[in-house]
Amino acid sequence: MTQRPRVLFLCTGNSCRSQMAEGWARHLCNADVEPFSAGLETHGLNPHAVAVMAEVGVDISGHTSKTLDALADVDLDLVVTVCAHADETCPGFAGSVRKLHVGFDDPPRLAAQESDPARALDHYRRVRDEIRTFVLTLPGELTS
C-alpha cells in the first residue's frame, strides 16, 4: 500500500487557519493526504474556528495547538504556509519537502474590528470557505 503524502499546514500560532485547513483536509481528502498542522508558536485552539467548522460538519474540537517540535519525527512531503509571517519565517526542512504559500486573512484580527459578534463570525466563515476551496485542490497540487 502506498503511503499518503503528508501535508503540514503551518501558521504563526496554530490556533485558527492551520487548524481549519487540517480539519478540511481530514474531512475532504483523507484518502489522498495525511494532514497535520502546527505553528511557529502555540496560541491555543480558537473557539470561533471550532464553532464555524462545526457549522459545516467538521469537528476540530479535539485538535491541539502545537509547534513544529511536536512533528519532528514526521517525514513531510508538502508544507503549506497559510499566513505571511509563517511564510517569511518558515524554517528549512530536510529532504525533498516542497513548500507552498497560500495566504489567508487572519479571522481573529478582522473580527476584533467588529462590534457585532455575528459580523465578527462572518470573517471566520469567509476564511473557512476559502480554505476549503484551496484544500480541494491539494490532490492535484501533490501530483504536479
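FYI, it's all coordinate maths here, none of it is from the lab. The shown structure was predicted, so the numbers you read here are calculated from the model rather than taken from an experiment. Here Cβ is always computed from backbone atoms with ideal geometry, including for glycine, and neighbour counts include all displayed protein chains.
Points to keep in mind about this one:
- Normalised Debye scattering of the stretch 53-121 at q = 0.18 Å⁻¹ gives log10 I(q)/I(0) of -0.96, counting only Cα atoms as equal scatterers and leaving out solvent.
- Seen against the Cα atoms of the chain and their longest principal axis, helix 117-135 is set at about 20 degrees.
- Projecting the Cα atoms of ALA21, PRO107, LEU136 onto the dipole axis of the chain, where Lys and Arg carry +1 and Asp and Glu carry -1 at the beta carbon, places LEU136 farthest toward the positive end.
- Highest mean packing first, where packing is the average number of other Cβ atoms within 10 Å per residue, the peptides 74-86, 121-133, 3-15 line up as 3-15, 74-86, 121-133.
- The chain - percent relative contact order, Cα under 8 Å, separation 6 or more: 28 percent
- Scoring 39-51, 90-102 by mean Cβ neighbours within 10 Å over their residues and listing the highest first yields 39-51, 90-102.
- Antiparallel %, DSSP beta bridges [both residues in the chain], to 5: 0 percent
- Its Cα centre serving as origin, the chain has a Cβ charge dipole (Lys and Arg +1, Asp and Glu -1) of approximately 140 debye.
- Rg/Rh for the stretch 3-111 (Cα atoms only, Rh after Kirkwood) is 0.94.
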